[in-house]
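Engineer: I have a structure I would like to understand better, so I am pasting it below and will then ask my questions one at a time.
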Amino acid sequence: MKVRKRMATHDLKVARWTKLREYILRRDRYLDQIALRYGKRIEANTVHHIFPREFYPQYTYEAWNLISVSHKTHNRLHDRDSHKLTKEGLDLLVRVARQQKIELPDGLADLLT
């Protein structure tokens with residue numbers, strides 16, 4: 001799988017992202033959606049791109065591709081340096097891909113840390 005150049009962080013500072021980020025946090029009631037699956041109510045302060053924007057820029061602003069998580073959970077979903085997904089992050093991506101009926105490429109393992 002070919003990796004696009006890492007999008008600049010400032011791209012996410014634009015008004016469109018700011019509004020969408022706030023919408024996602026409110027939609028999810030400022031609760032970590034991963035923790036909530038296990039019955040834990042933890043405050044969310046980060047919005048996670050399920051399909052990483054570095055690999056799937058076409059899904060950057062799709063609400064279905066975004067979930068509210070805590071900083072700790074966010075770090076568990078992908079490596080902060082390489083931006084590759086952990087197994088937990090990949091499992092989430094596969095689950096959402098099935099829900100959205102998105103066909104995943106054969107080289108999906110390239111996204112793993």
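The values are calculated or read from the model by the stated rules, or taken from the named source; none is laboratory data. A quick note: this is a predicted structure, and the numbers were derived from the prediction, not measured. Positions of Cβ are backbone-derived with ideal geometry, glycine not excepted, and every protein chain shown enters the neighbour counts.
Engineer: Restricting the search to region 61-79, which residues are at pLDDT below 95 and in a loop (DSSP other than H, G, I, E, B)?
Structural biologist: Within region 61-79, just Asp79 meets the criteria.
Engineer: Given (1) over 26 Å from Val14 (Cα atoms); (2) surrounded by 13 or more Cβ atoms within 10 Å (Cβ to Cβ); (3) acidic (Asp, Glu), where does Glu62 come up short, assuming only one miss?
Structural biologist: Checking Glu62 against (1) over 26 Å from Val14 (Cα atoms); (2) surrounded by 13 or more Cβ atoms within 10 Å (Cβ to Cβ); (3) acidic (Asp, Glu), the one that fails is (1).
Engineer: Continuing with this model, one more query. Being in contact with an Asp or Glu (Cβ under 8 Å, 6 or more places away or on another chain) and of a type in the set (A, V, I, L, M) is the filter here; which residues of region 65-84 pass it?
Structural biologist: Of everything in region 65-84, those that are in contact with an Asp or Glu (Cβ under 8 Å, 6 or more places away or on another chain) and of a type in the set (A, V, I, L, M) turn out to be Ile67, Val69, Leu77.
Engineer: On to the next question. If we keep just the residues of region 15-37 that are among the hydrophobic types (A, V, I, L, M, F, W, C) and part of a helix (DSSP H, G or I), which is nearest to Leu93 (Cα to Cα)?
Structural biologist: Ile34
Engineer: What pairs come up if the first residue lies in region 17-35 and is closer than 22 Å to Arg76 by Cα, the second is assigned to a helix (DSSP H, G or I), and their beta carbons are under 6 Å apart, counting only those six or more places apart or on different chains?
Structural biologist: Every condition considered, the pairs that remain are Asp32/Thr73; Ile34/Thr73.
Engineer: Quick check: is even one residue across region 99-108 modelled with pLDDT under 95, on the phi > 0 side of the Ramachandran plot, surrounded by 12 or more Cβ atoms within 10 Å (Cβ to Cβ) and not in a helix (DSSP H, G or I)?
Structural biologist: So far as region 99-108 goes, no, none of its residues is modelled with pLDDT under 95, on the phi > 0 side of the Ramachandran plot, surrounded by 12 or more Cβ atoms within 10 Å (Cβ to Cβ) and not in a helix (DSSP H, G or I).
Engineer: Of these, Leu31, Leu25, Leu90, which one is under 20 Å from Ile102 (Cβ atoms) and among the aliphatic types (A, V, I, L, M)?
Structural biologist: Testing whether each residue is under 20 Å from Ile102 (Cβ atoms) and among the aliphatic types (A, V, I, L, M) leaves just Leu90.
Engineer: Assess whether Pro57 counts as being modelled with pLDDT under 95 and either polar (S, T, N, Q) or crowded, with 18+ Cβ neighbours inside 10 Å (or both).
Structural biologist: no
Engineer: Show the residue pairs that are 6+ apart or on different chains and have beta-carbon atoms under 7 Å apart, the first residue being within region 88-108 and in contact (Cβ under 8 Å) with a residue 60 or more places away in the chain, the second being part of a loop (DSSP other than H, G, I, E, B).
Structural biologist: Pro105/Met1; Gly107/Met1
Engineer: Filter region 80-90 for residues that are over 12 Å from the mean Cα position of the chain (by Cα) and charged (D, E, K, R); which is modelled with the lowest pLDDT?
Structural biologist: Arg80
Engineer: How many of the residues in region 60-87 are acidic (Asp, Glu) and over 21 Å from Tyr30 (Cα atoms)?
Structural biologist: The total comes to 2.
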